[in-house]
Amino acid sequence: MDGRRSVANIKYVDASELYRWMKQGHNSLGQPFQVIDVRGSDYIGGHIFQSWHYPYKELSHNLILLDELKKRLENERLESKLKEKSATTSDVDEDETVINAVFHCAQSQQRGPSAAMKLLRHLNDGELEHIQIWVLRGGFNHWQDEYGEDDSVTEGYEPSLWGW
């Protein structure tokens, strides 16, 4: 296995940092990002605004679905660069652009990190240069504690499902 495809390549982002990214529309380096929710039946009750839903149970056994996810991320990366290019007069090098894929499940202890590793190991060398993989620390459980009722960053939130 390529040494660049280990758990050391996966970074963690705190809910507060992801919240800042969402409010800015990009990460602290000005790069685009996409949240990928891998929860299954526990997806009900809310999700991060504009996140993509790829249940881990399906993603872990379906290479076609994993390929679809890679293509969607690549399309998002290129669309972001086209927007940046049209907003500036300077040239934007598409080969240098990165999209940040932020995975999460309920607690980001098993499914989220496993899905992140699955994608990491499925990337070829060229793709690896353009996709930075993250896991949301604490998962949606922590996210909803902090931002569940903020409908600018959380969709479909049902507080009654989250009362312990």
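Can you tell me the 0 to 90 degree angle between the C-alpha axis of helix 111-122 and the longest principal axis of the chain, rounded to 10? Once rounded, the angle reads 20 degrees. Computing FRET efficiency as 1/(1 + (r/R0)^6) for Gln109 and Ser28, where r is the C-beta to C-beta distance and R0 is 30 Å, gives about 0.75. Taking GluC sites (Glu not before Pro) in DSSP loop states with no more than 15 other Cβ atoms inside 10 Å as exposed sites, the chain has its longest site-free stretch at 1-128. Dividing the summed -39500 (n - 2.57) terms of all DSSP H runs of n ≥ 4 by the residue count of the chain sets its mean residue ellipticity at 222 nm at -11500 deg cm²/dmol.
Taking a point 7 angstrom from the Cα of Asp150 along the C-beta vector, which residues in region 8-33 have backbone N less than 13 Å away? Counting backbone N atoms under 13 Å from the label point, the list is 14-25.
DSSP bridge analysis restricted to the chain gives an antiparallel fraction near 10%, rounded to the nearest 5.
Taking 0.36 nm per intervening residue step and subtracting the Cα-Cα distance, what contour gain separates Lys83 from His122 on full extension? List each step's numbers first, then the result.
Working: separation 39, 0.36 × 39 = 14.04 nm, distance 2.77 nm.
Value of the extension gain: 11.3 nm.
For Val35, nonlocal amide neighbours, meaning residues 5 or more places apart or on other chains whose placed amide H falls under 5 Å from its own, are Trp52, Val102. Spin-label model, Glu17/Leu161: points 7 Å from Cα along the beta carbon direction are separated by 2.8 nm.
Over the chain, what is the mean sequence separation of C-alpha contacts under 8 Å (at least six apart), divided by residue count, expressed as relative contact order in percent? All intermediate terms of the calculation are to be shown ahead of the outcome.
Numbers: 242 pairs, mean separation 53.6, N = 164.
RCO, the chain: 33 percent.
Compared with the dominant Cα axis of the chain, that is its longest principal axis, helix 15-24 is turned about 50°.
Which of these values of Rg and Dmax of the Cα atoms in Å was calculated from the structure shown: (1) 15.5, 43; (2) 15.8, 53; (3) 16.6, 52? For Rg and Dmax of the Cα atoms in Å, the calculated option is (2). What is the sum of charges, Lys and Arg at +1 and Asp and Glu at -1, for the other residues whose Cβ falls under 10 Å from the Cβ of Gly138? Neighbourhood net charge equals -2.
Note the angle between two axes, namely the Cα long axis of helix 63-87 and the longest principal axis of the Cα atoms of the chain, as a number of degrees from 0 to 90, rounded to the nearest 10. It is inclined by approximately 60 degrees. Placing R0 at 30 angstrom, the Cβ-Cβ distance between Asn75 and Asn9 gives a FRET efficiency of 0.85 after rounding to 0.05.
Any read-out appearing in this document is the output of simple, stated calculations on the displayed coordinates, not a laboratory observation. As the structure is a prediction and not an experimental result, all values here were calculated from the model. When we count neighbours, we look across all protein chains shown, and the Cβ atoms used for this are built from the backbone with ideal geometry, even at glycine.
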